[in-house]
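What follows is one structure encoded as structure tokens, with my remarks underneath.
The values are calculated or read from the model by the stated rules, or taken from the named source; none is laboratory data. Since the model is a prediction, treat every value here as computed from it, not as a measurement. Here Cβ is always computed from backbone atoms with ideal geometry, including for glycine, and neighbour counts include all displayed protein chains. Surface accessibility is based on the protein's heavy atoms, side chains included, excluding ligands, DNA and RNA. Shrake-Rupley method; radii C 1.70, N 1.55, O 1.52, S 1.80 Å.
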Amino acid sequence: MNPSSPVFEIHGNDVTVEASYLAGRLGLSVDRLRAEMRRGIIYSVVERGMGEDAGRLRLTFRYRARAWTVVVRRDGTLSEASWPRR
């Protein structure tokens, strides 16, 4: 991953995550991540904050028994939560 490129890009309702960053969080190679995405085995949920959480996003990515959740704060910083890999 290029250190100067953003890990997340948010444009309107579209959120893009840099592939090598997500692959690492799910314990996969980039090639395996892409293959499993094509198969529909990796999926995500985007939740937009409301009220006092307005401007925040919570992103959850799931692959089999693995999950990775990150909150993107208003200022663009990340707050991660991860579960043990199986």
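A few notes on this one:
- Selection status of E36, without any contact (Cβ under 8 Å) to a residue 60 or more places away in the chain and under 14 Å from I10 (Cβ atoms): no
- Just so you know, in segment 21-43 the residues that are surrounded by 15 or more Cβ atoms within 10 Å (Cβ to Cβ) and not hydrophobic (A, V, I, L, M, F, W, C) include one that is nearest to V7 (Cα to Cα), and it is Y21.
- Residue that is closer than 16 Å to R73 by Cβ and either aromatic (F, W, Y) or more than 9 Å from the chain's Cα centre (by Cα) (or both), where the choices are G27, G12, G55: G55
- Restricting attention to segment 45-64, the residues being open to solvent by 60 Å² or more (accessible area, probe 1.4 Å) and either touching a Pro at 6+ places or on another chain (Cβ under 8 Å) or among the hydrophobic types (A, V, I, L, M, F, W, C) (or both) number 3.
- In segment 1-38, of all residues being within 16 Å of F61 (Cα to Cα), of a type in the set (S, T, N, Q) and not in a helix (DSSP H, G or I), the one that is modelled with the highest pLDDT corresponds to S29.
- For R73: the one exception among (1) open to solvent by less than 60 Å² (accessible area, probe 1.4 Å); (2) within 19 Å of P6 (Cα to Cα): (1)
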